[in-house]
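The values are calculated or read from the model by the stated rules, or taken from the named source; none is laboratory data. From a predicted model like this one, the values you see are computed outputs, not experimental measurements. Cβ atoms come from the backbone with ideal geometry, glycine included; neighbour counts cover every protein chain shown.
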Ligand code: TXA
Ligand code: MG
């Protein structure tokens with residue numbers, strides 16, 4: 001890989017190539033939304049199935065509205081509170097949005113990132129950028145430019161933007177009006193917590209209900225996703241011991257001589273920021289097994305996105 005400048009990235013995106021770009025959540029693999037060539041390249045580079053729709057990244061609220069066929073008023077509240085930032089809004093798509101982006105769905109996912117490099121690139125290219133996380137399908141997302149290099153072995157040029165501020169993907173939400181209230185559905189927990197959404201809607205005087213739903217339209221929610229190159233075990237109710245290790249070694253027909261234990265001792269923000277890097281670093285050892293311990297007090301909503309990712313990355317939940 002080469003690290004390229006923002007100017008080179010704008011050139012590359014204009015000529016329909018794909019580029020690794022920093023965002024505040026994770027690095028993305030970006031291509032312009034009006035280029036079938038670029039969109040197809042995103043899927044082929046990632047080995048991503050076409051049934052997994054892409055997020056469209058915009059530089060402003062005005063640009064977001066141009067990509068949508070419907071803009072419920074509650075989106076103004078959410079975008080007002082959290083954009084630019086790690087919240088993705090799913091709504092009806094405007095006719096020009098390619099079905100490659102939406103996997104044939106009538107909806108489109110929109111997000112205005114807050115990393116200055118991402119915003120500058122979208123502005124200078126002049127059209128929104130489709131950008132999934134810059135990792136091979138199903139793997140851990142990259143939170144630094146060197147992770148993008150590792151993922152694609154030099155086949156993707158990337159703009160340096162430093163380590164990601166959030167470290168986990170954006171929260172994906174869909175809303176529906178039901179009678180006199182808004183049903184807010186969290187399709188993927190992420191950088192904006194359920195509590196934050198609750199607070200913003202409450203302050204705005206909106207009548208709402210928030211629920212979490214696994215969407216079949218959202219394979220980021222496939223049971224196994226976000227996986228590092230070594231097995232992960234999540235311990236919920238048990239202590240790690242030799243008996244469990246033996247059971248796991250039997251299952252994988254190998255012995256693990258490097259047990260990397262994670263028991264988040266800092267708060268949720270710091271833990272989210274470092275989780276993927278910790279997965280990646282541990283998995284560099286060919287005999288590694290990652291063991292994550294879940295304490296009771298980490299069950300509250302601020303930890304929701306972290307446990308969602310750990311559960312999907314885990315081969316065993318004990
Ligand atoms: O933080 C992020 O969101 C990062 C950065 C690069 O912006 N992007 C990201 O993209 O995580 P990706 O493709 O890895 O995940 C996008 C998620 C997927 O789970 C996808 O299924 C869901 O958003 N999604 C996209 N369009 C959708 C739609 N129309 N309806 C429901 N879910 C959708
Ligand atoms: Mg992803």
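Worth pointing out:
- Of all residues in segment 14-34, those being under 14 Å from the mean Cα position of the chain (by Cα), buried (at least 21 other Cβ atoms within 10 Å of the Cβ) and assigned to a loop (DSSP other than H, G, I, E, B) number 5.
- Residue-level check: of (1) out of contact with any strand residue (DSSP E or B) (no Cβ under 6 Å at 6 or more places or on another chain); (2) within 26 Å of residue 167 (Cβ to Cβ), residue 95 misses just (2).
- Residue that is farthest from the chain's Cα centre (by Cα) [pool: residues in segment 122-134 that are within 16 Å of ligand 2 (Cβ to nearest atom) and surrounded by 24 or more Cβ atoms within 10 Å (Cβ to Cβ)]: 129
- Count of segment 40-68 residues which are at negative phi, away from ligand 1 (no atom under 12 Å from the Cβ) and surrounded by fewer than 21 Cβ atoms within 10 Å (Cβ to Cβ): 10
- Taking the criterion of being modelled with pLDDT under 95 and farther than 16 Å from residue 284 by Cα, the residues of segment 140-157 that qualify are 154, 155.
- Residue 71 vs. criteria free of Cβ contacts under 8 Å to residues at least 24 places away in the same chain, touching a helix residue (DSSP H, G or I) at 6+ places or on another chain (Cβ under 7 Å) and under 20 Å from residue 204 (Cβ atoms): yes
- The residues listed here are 223, 178, 207; of these, the one that is farther than 21 Å from residue 112 by Cβ, more than 15 Å from ligand 1 (Cβ to nearest atom) and either at pLDDT 95 or above or under 16 Å from the mean Cα position of the chain (by Cα) (or both) is 207.
- Some residue of segment 148-159 being more than 20 Å from residue 46 (Cα to Cα), away from ligand 1 (no atom under 12 Å from the Cβ) and touching a helix residue (DSSP H, G or I) at 6+ places or on another chain (Cβ under 8 Å): no
- Where strands (runs of 3 or more DSSP E) fall wholly inside segment 167-272, the ranges with 1 or more residues that are within 16 Å of ligand 2 (Cβ to nearest atom) are 171-178, 181-188.
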